[in-house]
Each structure stands twice: as structure tokens, then as C-alpha cells.
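The block underneath contains the structure these notes are about, expressed in C-alpha cells.
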Amino acid sequence: MRIRTTVAAVSGGLVLSALAVPAAQADGGGLHKPTAAERFGVSRAAMSAAADDELPVVSDVKVNGGKSIVFGTTGVKTFAVSLTASHSAGIQDAYIDLWHGKDLAHHDGVFAPNEQNATCTAVSATTSNCKLTITVDAGRELYMNSLAGTWHVTAAAIAADEAGSDYWNDFYGTHKLQRLSKLTANASPEPVKKGKTITVTGKLTRANWETRKYAGYTAQPVKLQFRKKDSNTYTTVKTIKTNTKGDLKTTVKATVDGFFRWSFAGTSTTPAVNAAGDYVDVK
């Protein structure tokens with residue numbers, strides 16, 4: 001697993017090194033989340049002196065454009081994070097990370113930004129839009145399935161005043177990280193006589209980050225939907241649950257030509273997915 005563990009303040013910025021740490025060091029062991037002092041190079045004394053000063057105001061924090069971050073069993077993704085910050089003296093830097101765990105003392109995942117400093121563009125004398133990027137290697141950093149779900153979002157900014165006044169909130173917001181889902185559909189026989197029985201099968205699977213394979217998603221409600229040949233709209237025929245292997249199977253009566261598909265609404269850990277429609281010719 002690749003995790004960023006070493007943090008050093010250099011010229012007001014953050015240097016992050018990627019080290020290989022065994023998964024056994026989860027629950028905070030070996031994982032390090034930077035503090036305001038480490039990120040911005042602000043000393044404890046300076047932070048205390050600035051405690052009663054005006055602090056930056058942070059708003060409009062965005063991670064991946066507001067969309068859930070979805071990973072398969074492997075692959076590297078880089079996504080954008082940004083925020084807006086304001087201070088009477090202007091803004092000189094900002095910071096965003098994602099981390100997973102019940103609290104700062106017990107966390108098992110940290111995704112820090114790639115850049116040493118944020119790119120902050122002034123929109124006025126007091127306000128800036130600041131951007132960073134985060135890169136995640138699913139094959140190395142997503143090492144257990146329990147990492148899927150809700151991650152905390154840290155948001156921070158440092159003002160351009162003499163005191164280096166900073167705002168830092170490890171619990172600013174949350175964001176979803178999910179295991180990629182796949183869904184298939186097959187309707188048979190093809191063609192079929194009107195009024196005869198059609199059997200529709202399928203399978204719902206999702207990425208397993210521990211085995212690096214796709215496995216059946218069990219006991220999940222999935223909708224069987226139908227679209228007439230000359231229509232663009234699917235309607236729900238019935239809903240059934242996947243079995244212990246993620247398999248789906250049901251029967252319907254043949255009425256008109258059209259497409260059958262399965263549709264899964266998704267969960268907090270797994271995104272919604274629709275199977276490709278399977279055409280049935282009714283004679």
C-alpha cells in the first residue's frame with residue numbers, strides 16, 4: 001500500500017513522501033495527517049499569537065466536481081479538489097485532503113494533494129479560488145473493502161497577513177469513495193412467440209479491493225426493466241434480489257418486441273449501474 005507518511009515544512013509548503021507500509025499498520029499506525037503547522041510552516045507560537053486575529057473564511061469546497069470517486073480493482077486516478085477562501089489581507093495558500101476513519105487518532109486512509117502549494121487565483125483583493133489535485137492508485141492504496149463509503153474532507157487556508165492566520169478543519173465535509181459495479185442481462189429465447197415465457201438472467205458484481213477481483217454483490221434489490229422497440233424509455237417490470245453469488249433470474253411473458261435490462265440503484269459503497277439492454281424479437 002502506498003501512503004503518504006512523512007511531512008516536513010519547507011518554505012511554507014508541504015513535502016510528502018510515498019512509503020510502502022504494511023496493511024497491518026492500519027488504524028492510524030504509519031499514517032500521518034499533516035497539521036496546519038506542518039502544511040503552512042506556521043510555528044506554534046505564531047499560531048497562538050494569531051488565535052485572536054481574523055481567520056480566513058473557507059467556502060465552496062469541491063472534490064471531483066461533486067461526484068463520487070469510483071475505483072475498480074486496479075488503476076490510477078487523478079481528480080481535482082478546490083475551495084474558495086477569503087481574508088481582508090488576501091489568501092496565500094490552501095489545502096484539501098481526504099481521510100478515512102472514526103477520528104484523527106484512528107484512521108486507516110489518507111489521500112493528500114500532489115502539489116506542495118495550492119494554485120490560488122485572486123478574484124478580488126480579499127478572495128481567491130484555490131485548486132489542487134489528488135492521485136490515488138487503487139491497486140496499492142485501496143487495500144481493504146471497508147475503505148469504501150464516506151471519507152472525511154479536510155479544508156484549510158492561510159491568509160496573506162503578517163501573522164499567517166490560518167483556518168483548518170479536518171471535519172469540513174464528507175465525500176463518497178465507491179467500489180466499481182458491473183451488471184449484465186440476458187433474455188431468452190430469441191426470438192420468442194407472443195405469450196410464451198421469457199427468462200431474464202443477469203449478474204451484479206463489484207470490485208473487491210482485497211482479492212483484486214470482481215465478486216457477486218449479494219442480497220441486493222435490482223429492477224427488471226423493459227423498453228419497447230420504438231421507445232426511449234425503460235419502465236420497471238418487477239424487482240428481485242440477487243442471490244448469494246450476485247445472480248439474477250426471473251421470467252416474464254412475451255408481448256411485444258423490445259429490450260430487457262437490469263437496473264441497480266446503488267448503495268453508499270457501490271455506485272448505481274444499468275445493464276446493456278438485451279433485445280427480444282416477439283413473433
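The combined condition, being in a loop (DSSP other than H, G, I, E, B) and within 31 Å of the chain's Cα centre (by Cα), is not fulfilled by Thr239. Within the set of pairs 6+ apart or on separate chains, which have a first residue in segment 237-261 that is polar (S, T, N, Q), a second that is loosely packed, with under 15 Cβ neighbours inside 10 Å and not in a loop (DSSP other than H, G, I, E, B), and C-beta atoms under 6 Å apart? Here the result reads Thr239/Pro221; Thr251/Thr197; Thr251/Thr199, each pair linking segment 237-261 to a residue that is loosely packed, with under 15 Cβ neighbours inside 10 Å and not in a loop (DSSP other than H, G, I, E, B).
Criterion applied to Ala112, Ala138 was being among the small types (Gly, Ala, Ser) and closer than 21 Å to Asp170 by Cβ, and the one residue passing it is Ala112. For segment 138-165, the set of residues classified as modelled with pLDDT under 95 and crowded, with 21+ Cβ neighbours inside 10 Å consists of Gly164, Ser165, listed by residue number. If only residues of segment 218-232 that are buried (at least 16 other Cβ atoms within 10 Å of the Cβ) and of a type outside the set (A, V, I, L, M, F, W, C) are counted, the one that is farthest from Thr267 (Cα to Cα) is Arg227.
Checking each residue of segment 177-190 against the condition of being hydroxyl-bearing (Ser, Thr, Tyr) and either under 28 Å from the mean Cα position of the chain (by Cα) or within 30 Å of Thr133 (Cα to Cα) (or both) gives at least one match. When segment 235-283 is limited to residues that are among the hydroxyl-bearing types (Ser, Thr, Tyr) and open to solvent by 50 Å² or more (accessible area, probe 1.4 Å), the one that is farthest from Thr218 (Cα to Cα) turns out to be Thr255.
The values are calculated or read from the model by the stated rules, or taken from the named source; none is laboratory data. Since the model is a prediction, treat every value here as computed from it, not as a measurement. So basically every Cβ, Gly included, is an ideal-geometry build from the backbone, and we count neighbours across all protein chains shown. These accessible areas exclude ligands, DNA and RNA; they are computed on the full protein's heavy atoms, side chains included. Shrake-Rupley method; radii C 1.70, N 1.55, O 1.52, S 1.80 Å.
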